1. For the pairs Lys218/Lys306; Lys120/Lys168; Lys33/Lys306; Lys120/Lys151; Lys151/Lys218, note any where the Cα-Cα span goes beyond 27 Å.
2. Glu68 versus Arg117, label points 7 Å from Cα toward the beta carbon: distance in nm?
3. Using the scaling law 2.2 N^0.38 Å as the reference, what is the normalised Cα Rg of the stretch 1-40?
4. What's the angle, to the nearest 10 degrees (0 to 90), between helix 209-218's Cα axis and the longest principal axis of the chain?
5. Gap in Å between the Cα centre of the stretch 268-310 and the Cα centre of the stretch 45-91?
6. Where does each of 58-68, 293-303, 266-276 land if you order them by average Cβ count within 10 Å, highest first?
7. For the chain, give me every cysteine whose Cβ has no other Cys Cβ within less than 4.7 Å, ordered by residue number.
8. Quick one: what Rg and Dmax do you get for the chain from the alpha carbons, in Å?
Amino acid sequence: MLLIEQGMIHPMTGAAWQGDLLVENGRILRMEKRVDPTTQELETVLDARGLHIWPGLLDANTQLGLTEENPQRADPADAAFAQAAAAGVTVVEVCPASGTPAPRRCALWQTGSAPRRLDKPGALLYPMEGMTEEQLRSALTDARAQGRRVKLQAGSEAELTLALRLWKDDGGAMTLEHRAPTTAMTEEIARSGMPVIVGVARKRGEGSAYSLAARLMKLGATVAMSTDHPTARIHHLPLCAGLCLRYGVEEQAAMAAVTCNAARAMGLEEEWGTLAPGMRADLVLLDGSPLRLATAVRYTFIGGQKAYER
């Protein structure tokens with residue numbers, strides 16, 4: 001068992017509070033104001049006074065481990081997996097680069113110096129450009145039969161409209177990847193409830209990815225922020241979320257974009273993205289807010305095991 005004592009716990013389901021967090025077999029066992037260490041068979045006790053405990057961060061669209069020689073399957077020897085853990089990023093979705101035929105088969109990975117592909121299947125990514133509504137509906141039916149999520153990559157306002165119509169009709173395991181060079185339709189996207197990924201590789205248009213993400217956040221949309229690594233480096237994920245603060249969003253909303261909302265966009269919300277008993281013990285301990293440039297990661301735990309220590 002691992003006992004983390006007296007850190008400031010940020011559960012993402014309510015206000016932060018100071019207390020103890022007990023981990024067993026890779027999952028959070030208890031979260032209490034005080035856990036008596038004499039009542040537990042502890043392997044490790046970590047004094048977290050002065051530190052902030054957050055869920056491990058998640059990046060919903062990356063190309064970690066992909067190369068020109070192998071653009072579809074990630075190489076776990078890529079040093080960026082360890083760099084991710086050092087920045088508190090514990091789970092990523094790796095999606096093949098543009099030019100790969102649709103559907104692009106994404107894969108979910110845990111990071112660290114010994115990264116591991118998750119058993120849960122990743123999404124099927126469909127760039128909507130050139131696809132008819134009939135083809136997209138057929139793709140959604142096929143994905144549902146395989147038990148896989150679908151990412152619809154929309155690059156125009158017309159594609160955004162179609163994606164929302166498909167979501168209204170089918171719903172379920174579907175995510176919008178916003179690539180359109182427009183900030184129109186933000187109210188419609190927010191009202192729909194469809195999870196939306198905003199990546200830094202979004203086309204240039206009326207505003208930056210950060211202003212678009214902030215506008216959607218302020219409207220109550222379920223927004224996941226992505227680095228599109230290597231467009232932005234994976235260890236800059238918290239800074240990408242932090243840049244949304246410049247456009248007037250609250251820190252909790254920006255953090256949701258790399259924790260609970262990202263988990264929902266990746267189909268992982270039942271086990272990742274929040275801190276609660278029963279959730280995976282992917283944790284990042286920092287000396288301040290992850291969204292601030294001066295903040296340092298002190299520890300990262302993946303499945304209750306230390307993956308990084310400063």
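1. Working: Lys218/Lys306 35 Å; Lys120/Lys168 25 Å; Lys33/Lys306 23 Å; Lys120/Lys151 16 Å; Lys151/Lys218 23 Å.
Checking Cα-Cα distances, Lys218/Lys306 exceed 27 Å.
2. My value for the distance between the label points is 2.4 nm.
3. Values: Rg = 10.1 Å, N = 40, 2.2 N^0.38 = 8.9 Å.
Here the Cα radius of gyration is 1.13 times the empirical estimate.
4. 80 degrees
5. Centre-to-centre (Cα) distance: 11 Å.
6. Result, highest mean first: 58-68, 266-276, 293-303.
7. Lone cysteines by the Cβ rule: Cys240, Cys244, Cys260.
8. 19.1, 64
Any read-out appearing in this document is the output of simple, stated calculations on the displayed coordinates, not a laboratory observation. Small disclaimer: the values here were computed from a predicted structure and weren't measured. Positions of Cβ are backbone-derived with ideal geometry, glycine not excepted, and every protein chain shown enters the neighbour counts.
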